[in-house]
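Comments concern the structure below.
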Amino acid sequence: MFVLYETPMGYAIFKLLDENKLKEVDNLYLEFETPEKANKIVKLKHFEKFDDTTQALSAATAAVEGKLSKTLKKTLKNLVDDEVQNKLLVADAKLGNAIKEKLSLQCISNSSVQELMRCIRSQSENLLTGLKKEMTAMALGLAHSLSRYKLKYSPDKIDTMIVQAQCLLDDLDKELNNYIMRAREWYGWHFPELGKILTDNIAFIRTIKLVGTRDNMAATDLSDILADEVEQKVKEAAEISMGTEISEEDIINIQNLCDEILSINEYRTHLYDYLKTRMMAMAPNLTVLVGETIGARLIAHSGSLVNLAKHPASTLQILGAEKALFRALKTKKDTPKYGIIFHASMVGSASTKNKGRISRSLAAKASLATRVDAFGEDASVELGIEHRAKLEQRLRLLEEGNLHRLSGTGKAKAKLEKYHSKSEVKVWKAPEDSTLPTPKKRKHSESDVKPKLIEEIEVKQEYEEGESSTTVTKKKKKKKNKESADESVLDVSIKSEPMEEEVKSEKKKKKKHSNIEEPPKEDVEVKEEPEDEDDSVPKSEKKKKKKKKVKEESDD
């Protein structure tokens with residue numbers, strides 16, 4: 001059984017003398033305490049030395065990727081020819097699989113083998129005699145070469161170019177603004193009206209570069225730079241300008257500054273095109289969602305595309321607003337709703353009240369797109385286009401104030417309908433607010449009472465008239481039994497009673513008219529019998545007084 005041990009100088013192949021030691025893994029380190037004990041367990045069979053650092057680097061990179069290098073393949077072929085039946089102990093399982101496929105050699109890689117490798121590494125200087133100085137120098141050179149190779153060719157570090165390009169682009173924007181402000185202020189002493197007419201900075205700089213002093217404005221053709229109307233305004237303003245005169249040397253220095261501004265602007269255009277192509281190659285879905293500049297700023301702020309993919313959507317939403325976040329947490333106020341993502345075109349097109357909602361949705365979709373770009377195998381833009389269409393539809397619904405959505409089925413899509421709010425006006429019912437004891441019968445409200453028909457009212461009045469006539473006849477009989485004194489007195493009383501009945505009938509007629517004209521009131525059913533009984537007492541007393549007066553007159 002052989003053991004493959006990899007060193008910076010080459011490949012060492014040991015022969016395991018006692019295979020039973022692998023079964024006692026816990027006490028294996030005791031067998032490697034001294035070089036003598038270690039030589040009793042393993043013995044150096046063959047050592048294949050690297051020719052130079054380039055060969056060592058290729059072997060190291062192959063071992064890292066789990067591949068079989070040419071040097072190792074030749075070494076194992078020479079070793080396996082004689083003793084095919086032996087097994088090979090390997091530290092890396094991927095490398096063992098590659099050896100098994102290429103050379104059909106049985107490889108073993110487990111925890112026992114890992115422990116044996118650690119023990120051999122502890123006594124490597126004694127087991128590989130005479131290679132200590134060369135081993136140290138070779139290890140240092142291989143470490144530097146391997147580090148340079150990883151930094152140069154690692155796919156995780158390609159986004160470094162995007163980070164640097166975006167930072168340079170921001171610096172160029174700042175420098176351009178400073179230079180243009182300086183040029184406007186400098187040339188404004190000579191021709192102040194030109195700065196108000198030309199708002200475009202590049203057109204302003206090109207005009208200065210072409211014309212020079214304002215005296216040459218009338219004779220210069222500016223049709224390539226300005227529109228006809230604007231050119232006419234500039235020439236008219238040059239004739240009546242209130243600016244001071246400047247020398248030829250001054251205008252030369254101003255034109256040199258204009259040359260610098262134009263060259264920086266041209267380089268910025270090329271840099272932006274480079275950044276755009278790199279972003280479409282590295283993060284196409286993120287670029288479709290938020291744009292090249294915002295996507296590059298997010299990557300630059302987080303450090304790399306992989307680091308940005310590890311952030312959740314809530315963190316991506318407020319990237320760039322860390323200072324405002326911690327200030328809000330410290331003062332216990334509302335936290336910010338957006339950071340760098342605020343400058344995205346979709347958030348900018350939303351209204352003020354919907355910016356927070358659309359930024360949250362955009363951050364969620366951008367987080368998904370970033371993970372697909374960072375860890376996905378297929379570099380397609382389908383996911384970004386689909387998410388952007390959904391976000392635009394959601395923004396349209398938010399702007400319309402239309403959040404009511406019916407869920408669709410498997411066959412039919414969800415229907416979008418407008419929501420109309422129904423305003424209900426409730427009227428305060430004063431009778432319900434009363435604290436007085438209520439009668440047994442429930443009082444109907446004005447809306448519940450149905451209007452009575454005229455026929456029902458007439459039937460009720462006839463019934464009341466019948467009852468009133470019966471009460472009058474009863475009273476007449478009582479009066480006749482009591483009054484037996486004089487016939488004259490009876491005649492007077494009988495005459496007086498019809499008079500009163502006529503008055504009552506007239507009152508009832510008035511009541512009929514009033515009941516027909518007036519709307520029905522709340523409490524319609526009212527008992528009138530107790531009222532008649534109460535009214536009968538005072539009426540009889542009045543009649544007795546009248547009879548007494550009539551008797552006194554008759555006596556006289």
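Just so you know, all these numbers are worked out from the coordinates, no wet-lab data involved. Source: prediction; values computed, not measured. Glycine also receives a Cβ, built like all others from the backbone with ideal geometry; neighbour counts cover every protein chain displayed.
Brief remarks follow.
- Diffusion of region 2-151 by Stokes-Einstein, at 4 °C in a medium of 1.567 mPa s and with Rh set to the Kirkwood radius over alpha-carbon pairs, works out to 81 µm²/s.
- A crude spin-label estimate for the pair LEU168 and ARG148, with each label 7 Å from Cα along the Cβ direction, gives 2.3 nm.
- For GluC sites (Glu not before Pro), the sites in region 7-111 that DSSP calls loop and that have at most 15 other Cβ atoms within 10 Å are GLU24, GLU33, GLU65, GLU83.
- Extension gain, GLU115 back to THR315 (0.36 nm per residue minus Cα-Cα distance, nm): 67.7 nm
- Cα-based shape type of region 283-400, given that a ≥ b ≥ c are square roots of the gyration tensor eigenvalues and the cut on a/c is 1.5: oblate
- Our estimate of slack between GLU392 and SER104, defined as 0.36 nm per intervening residue step minus the Cα-Cα distance, is 97.8 nm.
- Each listed q (0.16, 0.23 Å⁻¹) maps to a log10 I(q)/I(0) for region 160-270 from the Debye sum over equal C-alpha point scatterers, namely -0.72, -1.30.
- Förster-model FRET efficiency, 35 Å R0, GLN232 and GLU400, C-beta, rounded to 0.05: 0.20
- Full extension of the chain between LYS23 and LYS74 gives 15.2 nm of extra length, using 0.36 nm per residue less the Cα-Cα distance.
- The spacing between region 43-121 and region 337-361, judged by their C-alpha centroids, is 57 Å.
- Take the Kirkwood radius over Cα pairs of region 345-396, plug it into Stokes-Einstein at 20 °C and 1.002 mPa s, and you get 184 µm²/s for translational diffusion.
- Extending 7 Å from the Cα toward the beta-carbon at both LYS276 and ALA219 defines two label points whose distance is 4.1 nm.
- Legend: distances between Cα atoms for LYS49/LYS73; LYS21/LYS87; LYS43/LYS67; LYS70/LYS132; LYS15/LYS133; pairs beyond 18 Å are LYS43/LYS67; LYS70/LYS132; LYS15/LYS133.
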